[in-house]
Amino acid sequence: MGEERRGYLYGLTAYTLWGFFPIYFKRLQPSPPLEILAHRVIWSVVFISLLLAAARNWRFLGRLARDRRLLGGVTLAAVLIGVNWATYIYGVNSERVVETALGYFITPLVVVLLGVTVLRERLRVWQWVAVGIGAAAVAVLTIDYGRLPYIALILAATFGSYSLVKKRLSVPAAEGLFVESAVLAIPALGYLGWLNAAGDAEFGHVSGWHTVLMVLSGVATAVPLMLFAGAANRVPLVGLGILQYVAPILQLACGILIFHEPMPAARLAGFALVWTALVIFTVDGLRAARTRKRTAAGAAAATAEPATALPPH
């Protein structure tokens, strides 16, 4: 199997696992969202620690301690992903799986907006069209819900911002997740201590299966992320961009087909607008990638042309 094909397999597996996360996190009830989040953080630290210990890869901690900018960036990334995880768990366990799927559908459009506002990038015409249609979709869904789809917007904003921060930091997946989880582990341990002291903890008091699933939440967090890292190193950016729609499609299917959440006509119209925006966004991205490839090939061919191709004087 070639490296690129292996990368697509890793990416498809990662996004498929993320797509079925609603089923997993539903099984963690009756624990409340914050207890689930705290255990997810702590068991992620434990699992990644074991992996790093096996690989004897702790040198990055010294680099982190010496670089305040890097430490600040990782802390910001930890806060963003913590808010993202908490919002997602809350959305799934409050019967809003469809809205969480919407959040990850609109994340690419939010990333584009962050590129304009933070990185001062210039958008192509069709990118502006896609963003405009996405804004119209949010307006339609606001009317349908009778409120802003705040779960979707928080998920898109936090994950888009997290992606931007991670891109600037360039920290490997396992090491990054370990440090981010370690930053969050301090308040997580404090919260769990308070919860146990108050006698309100569900962990260890529901069933053996519930306890095992809570412990495995660290594995469930780390494995797809490492698969994604393996895909990112082997698959072109355009291919990775198309794969990212697998997760919200599966999450939407879970919400409608498994958990029987409503999808009235107005909500379907809002999603249709989002999908239209994503089709425009993806087609424009593919076209731009082909143009860049042709330009690069032309430049390489011109550079490789022998000097004897010029007419003699």
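The values are calculated or read from the model by the stated rules, or taken from the named source; none is laboratory data. These figures come from a predicted structure and were not determined experimentally. Neighbour counts run over all protein chains shown; Cβ positions are idealised from the backbone, glycine included.
Taken over region 133-144, the residue count meeting the criterion of being in contact (Cβ under 8 Å) with a residue 60 or more places away in the chain and either among the basic types (K, R) or more than 19 Å from L114 (Cα to Cα) (or both) is 4.
Taken together, G82, G134 contain a single residue that is over 16 Å from P172 (Cα atoms) and within 16 Å of the chain's Cα centre (by Cα), which is G82.
In region 3-17, the residues that are under 9 Å from A247 (Cα atoms) form Cβ pairs under 6 Å with partners that are of a type outside the set (A, V, I, L, M, F, W, C), at six or more places apart or across chains, as follows: A14/P224; L17/P224.
Among the candidates R27, R40, R63, R6, the residue that is surrounded by fewer than 19 Cβ atoms within 10 Å (Cβ to Cβ), in contact with a helix residue (DSSP H, G or I) (Cβ under 9 Å, 6 or more places away or on another chain) and either modelled with pLDDT of 90 or more or of a type in the set (S, T, Y) (or both) is uniquely R27.
Against the definition (under 25 Å from L80 (Cβ atoms), modelled with pLDDT under 90 and either aliphatic (A, V, I, L, M) or surrounded by fewer than 18 Cβ atoms within 10 Å (Cβ to Cβ) (or both)), how does L184 come out, yes or no? Spell out the reasoning first.
Numbers: under 25 Å from L80 (Cβ atoms): yes; modelled with pLDDT under 90: no; either aliphatic (A, V, I, L, M) or surrounded by fewer than 18 Cβ atoms within 10 Å (Cβ to Cβ) (or both): yes.
Taking the combined requirement at face value, the residue does not satisfy it.
Of the helices (runs of 4 or more DSSP H) lying entirely inside region 155-244, the ones with 2 or more residues being within 30 Å of T117 (Cα to Cα) are found at 173-197, 217-232, 237-243.
State yes or no: is F105 under 22 Å from the mean Cα position of the chain (by Cα), aromatic (F, W, Y), surrounded by 18 or more Cβ atoms within 10 Å (Cβ to Cβ) and farther than 18 Å from A157 by Cβ? Spelling it out, it is not the case that F105 is under 22 Å from the mean Cα position of the chain (by Cα), aromatic (F, W, Y), surrounded by 18 or more Cβ atoms within 10 Å (Cβ to Cβ) and farther than 18 Å from A157 by Cβ. Each residue in region 97-134 was checked for being within 22 Å of Y145 (Cβ to Cβ) and polar (S, T, N, Q), and 2 of them qualify.
Using the structure shown, decide if T75 is modelled with pLDDT of 95 or more, within 25 Å of E180 (Cβ to Cβ) and either touching a helix residue (DSSP H, G or I) at 6+ places or on another chain (Cβ under 7 Å) or not in a helix (DSSP H, G or I) (or both).
Working: modelled with pLDDT of 95 or more: no; within 25 Å of E180 (Cβ to Cβ): yes; either touching a helix residue (DSSP H, G or I) at 6+ places or on another chain (Cβ under 7 Å) or not in a helix (DSSP H, G or I) (or both): yes.
In short, no.
Does V41 fit the bill of being out of contact with any Ser or Thr (no Cβ under 6 Å at 6 or more places or on another chain) and either assigned to a loop (DSSP other than H, G, I, E, B) or of a type outside the set (D, E, K, R) (or both)? I'd like the intermediate steps shown before the answer.
Values: out of contact with any Ser or Thr (no Cβ under 6 Å at 6 or more places or on another chain): no; either assigned to a loop (DSSP other than H, G, I, E, B) or of a type outside the set (D, E, K, R) (or both): yes.
Considered against the rule, which asks whether it is out of contact with any Ser or Thr (no Cβ under 6 Å at 6 or more places or on another chain) and either assigned to a loop (DSSP other than H, G, I, E, B) or of a type outside the set (D, E, K, R) (or both), V41 comes out as no.
Within region 21-37, residues that are farther than 17 Å from E99 by Cβ have Cβ atoms under 7 Å from residues that are among the charged types (D, E, K, R) and part of a helix (DSSP H, G or I) in no pair, counting only partners at least 6 apart in sequence or on another chain.
Considering only region 114-162, how many residues are polar (S, T, N, Q) and surrounded by fewer than 18 Cβ atoms within 10 Å (Cβ to Cβ)? Quick ask: steps written out before the conclusion?
Kept after step one, since they are polar (S, T, N, Q), are these residues of region 114-162: 117, 127, 142, 158, 161.
Narrowing the set further to residues that are surrounded by fewer than 18 Cβ atoms within 10 Å (Cβ to Cβ) leaves 117, 142.
Residues that pass the stated criteria total 2.
Count of region 170-181 residues, restricted to those that are over 21 Å from T100 (Cβ atoms) and either surrounded by fewer than 18 Cβ atoms within 10 Å (Cβ to Cβ) or among the charged types (D, E, K, R) (or both), is 3. The residue that is nearest to R290 (Cα to Cα), counting only those in region 230-245 that are of a type in the set (A, V, I, L, M, F, W, C) and surrounded by 18 or more Cβ atoms within 10 Å (Cβ to Cβ), is V235.
Taking the criterion of being closer than 24 Å to Q127 by Cα and either touching a Cys at 6+ places or on another chain (Cβ under 6 Å) or outside any loop (DSSP other than H, G, I, E, B) (or both), the residues of region 245-274 that qualify are V246, A247, P248, I249, R267, L268, A269, G270, F271, A272, L273, V274.
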